[in-house]
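Notes for the one structure printed next.
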Amino acid sequence: MSDDNKLVKAIKEKGKSLEAEMSFFDHLEALRWHLIRAAISVVVFTILAFVKYNFIFETFIMGPFRPDFWTYRMMCKLGDSFCITKPFNAEIINTEVAGQFMLMINSSVLIGIILSVPYILWEIWRFIKPALLEKERKAASGFVLYASALFLIGILFGYYVIAPESIAFLANYSVSSTIKNEFTVSSYLSMVATITLILGIVFELPIFIYILASIGILTGTFMKRTRRYAVVILLIVGAIISPSPDFMTTMIATVPLFALYEVGIVVASVVEKRREKAHDELMNS
C-alpha cells in the first residue's frame, strides 16, 4: 500500500513539475512575441526615417551645427554675450569610404529606436501586467504614458539645450589659431546621439525610483536623509553631460536633475505610505 502511495505521490510531483515547465515555456513564448513586435516597430520607423532622410538630416541632425538653430536664436534674446550669429569655427568632414552611407544607416536606426520607445514600453507593460495583482495594476496603470512622456522630455532637453551648448563650446574652442577644428561626421553624430539618449534615460529617474520603492529597496525617508549627497552627485553628472566650463551652462544641465530627484522623493514617499498602510491593514486583519 505504501508503494502505491509513493507511486501516486511521484506521479503528482511529476505532473506539477511538467505544469511548471510548460508555464515557464509559455512565458518565454509570450516574451518572444513581445520582442518580435517591438523589433518590427523599430524596423518600420527605421525605414520611414531612411525614406525621409534628407529632411531629417538637414533639419534635425545638422540643426545644432547651424547658427540659426532654435536654441541659438533663443540665446540671442537673452543678450549679445549669449548670441551666436556666425558659423562655427569648425568643419564636419568624412574620412571613410563608407562613412556617409553608414551615417545614414546608423542615424536611421537610432531615430527608429527613439520613435519606437513608447511602443516598446507598451509591449513591456503587456508582458508584466498579467503577473501583477489588481491593486498593482491600478497603481502602475499610467506606466507607459509617464515613462514615454519623461523619455520624450529628456530627449528634447538633451537635443535643444545640452547638445547645442556642448557643440557651440567645443566647435569654437581652440588652443591655438594654428589648429583648425575638423570633426568627423561620425564623431558629431555620436556626440549628439549620446547626449540626447543619456538625457532621455536620466529623465526616467522617477520611474526607476517608483520601481525601487515598490519592491522596498528605496524609501522617501532615505532619499530625504541623503539629499545632500545626491546634490553633489547630480552636480558631477551635470558637469559631465555639459562639457562647457561656465557655471551657468552646468546649472542649466543640473537644475532639471534636482527637480527629478525631488519628484522622486515625492513618488517614493507616496509608495512608502501605501506600503505602510497595507502592512497595518494586514496586521489588523
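Remark: pairs (first residue in the range 136-158, farther than 16 Å from S214 by Cα and outside the structural domain of T194 (by TED's automatic domain parsing); second residue among the hydroxyl-bearing types (S, T, Y) and surrounded by fewer than 19 Cβ atoms within 10 Å (Cβ to Cβ); Cβ separation under 8 Å; 6+ apart in sequence or on different chains) are absent.
A single member of S174, S242, S190 is surrounded by fewer than 16 Cβ atoms within 10 Å (Cβ to Cβ) and either outside the structural domain of F69 (by TED's automatic domain parsing) or free of Cβ contacts under 8 Å to residues at least 40 places away in the same chain (or both), and it is S190. Restricting attention to the range 172-194, the residues being over 21 Å from S107 (Cα atoms) and in a helix (DSSP H, G or I) number 1. Looking at I211, I265, I198, I236, just one residue is in contact (Cβ under 8 Å) with a residue 40 or more places away in the chain, more than 30 Å from T95 (Cβ to Cβ), under 21 Å from the mean Cα position of the chain (by Cα) and outside any loop (DSSP other than H, G, I, E, B), and that residue is I265. Among the residues of the range 36-58, are any basic (K, R) and under 22 Å from the mean Cα position of the chain (by Cα)? Yes, the range 36-58 contains a residue that is basic (K, R) and under 22 Å from the mean Cα position of the chain (by Cα).
In the range 136-165, the qualifying residues are those that are within 18 Å of P67 (Cα to Cα) and aliphatic (A, V, I, L, M), and the one that is surrounded by the fewest Cβ atoms within 10 Å (Cβ to Cβ) is V161.
The values are calculated or read from the model by the stated rules, or taken from the named source; none is laboratory data. Predicted, not measured: the structure shown is a model, and the values here were computed from it. Methodologically, a virtual Cβ is constructed for each residue, glycine included, from the backbone with ideal geometry; neighbour enumeration extends over all protein chains shown.
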